[in-house]
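Since the structure comes first, as structure tokens, the remarks are kept for the end.
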Amino acid sequence: MRPLVPLLLLVFLLLLLSGCGSLPLGLLGGGGPNVAANVQAGKENRQTAVGFEERIEAGRDVIQTDLEAGPVETLTVNNQDIPPWVLLVALIGWLLPTPTQMGQAIGRALMAPFRRNR
């Protein structure tokens, strides 16, 4: 039992110091904030589906940009139906007592054998 204590302390320290970043060796995976910023820093940045650029010299640079895009034929939206189990979990969560009330009830149940009869 004695050699296990330093190992547990080491694992605890490792998890404590890992913070919000991803845990070492992929333990529990993921973690941490993910900021997916789509930043374009530059002189001439474009985000186009299909773009065509044409330069014409006329005393100073003139840029004409044409965008080729077709009509959208269909639009599919998924996940409109809520599964029944989600509604059941929401209803149970609404009916259950608060965590404080649960803790008080468990505490009373555990302390009941030690109380004096009045």
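Here, each number is a calculation from the coordinates, and none is a lab measurement. All figures in this text were calculated on a predicted structure; none of them were measured in a lab. For neighbour counting, all protein chains shown are included, and Cβ atoms are generated from backbone atoms with ideal geometry for every residue, glycine included.
Stretched out fully, how many nm does the piece from residue 106 to residue 78 gain, at 0.36 nm a residue minus the Cα gap?
Once the chain is fully extended between residue 106 and residue 78, it gains 5.8 nm.
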Points 7 angstrom from Cα along the Cβ direction at residue 94 and residue 8: gap in nanometres? 4.3
Tabulate in residue order the Karplus-calculated ³J(HN,Hα) for the range 79-86, using 6.51 cos²θ - 1.76 cosθ + 1.60 with θ = phi - 60°, rounded to whole Hz; enter x for Gly and Pro. 6, 8, 8, 8, x, x, 5, 5
